[in-house]
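Just passing along the structure, written as structure tokens.
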Amino acid sequence: MSQNKLEENLKQLLAESYVLMLKTQNYHWNVKGINFQSLHIMFENQYADLFTAVDEIAERIQSIGACTPGTFQEFQKLSTIDSENVSKGSKEMLVSLIEDHKKLVKTAKKLVQTAQAVTDDATTDLVVTRTQVHEKHLWMMKSTLE
Ligand SMILES: [Fe+2]
């Protein structure tokens, strides 16, 4: 039962990370305004991090003996984060990404509890690191908005 929950939580983390990667890359391409250069680079750093993360999470799912989802349909179904068409100003982009990274921290923290319940140290380690990275992105984006 807990193993099922572990798989389910990992798949959610994968799906949300993947959707957020696409959304962030979309912002990287479409951001406009006086802060263009810094936000263009910040968003690139974020989607590059997510690109590495999705592979690590997907391969962790395989390592625990489960099957990794890998289609947009599955990711959309599993994710509480939506990709979207961009008609936003740069400030609204930051506000929206802050909400998304908060969601990912929430998903990651839930997953840490599940992994600890089945003493899966490798998953715990991976997901604690993901939490730290999302919290760092949150700090940087909040500081940019001030
Ligand atoms: Fe680029």
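Taking the Cβ of Val86 as the center, what net charge do the other residues with Cβ under 11 Å away carry, scoring Lys and Arg +1 and Asp and Glu -1?
Details: positive: Lys23, Lys32, Lys88; negative: Glu84, Glu92.
Spelling it out: positives minus negatives among the neighbours equals +1.
What does the net charge come to around Leu10 if you take all other residues with beta carbon closer than 14 Å to its beta carbon, with K and R at +1 and D and E at -1? Please report the intermediate quantities before stating the final value.
On the way: positive: Lys5, Lys11, Arg60, Lys109, Lys110, Arg130; negative: Glu7, Glu8, Glu16, Asp55, Glu56, Glu59, Glu74, Asp120, Asp125.
Net charge in that neighbourhood comes out at -3.
Ok, one more. If I take the Cα coordinates of the chain and project them onto the principal axes, what are the three extents in Å, biggest first?
For the chain, the Cα spread along each principal axis is 50, 29, 20 Å.
Which whole-number percent gives the relative contact order of the chain, counting Cα pairs below 8 Å spaced six or more residues apart? All intermediate terms of the calculation are to be shown ahead of the outcome.
On the way: 156 pairs, mean separation 46.9, N = 146.
Relative contact order for the chain comes out at 32 percent.
In the chain, which whole DSSP H runs stretch at least 30 Å along their own axis (Cα) and average -0.5 or higher on the Kyte-Doolittle scale?
Values: long enough: 2-30 (42 Å, -0.86); 36-63 (40 Å, -0.06); 90-117 (41 Å, -0.27); 121-145 (36 Å, -0.33).
Taking the DSSP H segments of the chain (at least 30 Å long, mean hydropathy at least -0.5), we get 36-63, 90-117, 121-145.
So, one more: Anything over 19 Å Cα to Cα? Flag those among Lys106/Lys142; Lys103/Lys142; Lys11/Lys106; Lys32/Lys103; Lys11/Lys103; Lys109/Lys136, in the order listed.
Lys32/Lys103
Please give the Cα centre distance for segment 65-111 versus segment 1-22, rounded to the nearest Å.
Answer, in whole Å: 11.
To continue, here is another question. Taking the Cβ of Phe75 as the centre, find all other residues whose Cβ is under 10 Å away and add up their charges (Lys, Arg: +1; Asp, Glu: -1).
Details: positive: Lys11, Lys77; negative: Glu16, Glu74.
Taking every other residue near Phe75 into account, the sum is 0.
Computed from the coordinates by the stated procedures, all read-outs in this text should not be read as laboratory data. Quick caveat, the model's predicted, so the values are computed rather than measured. Every residue, glycine among them, receives a Cβ derived from its backbone with ideal geometry; neighbour counts consider all protein chains shown.
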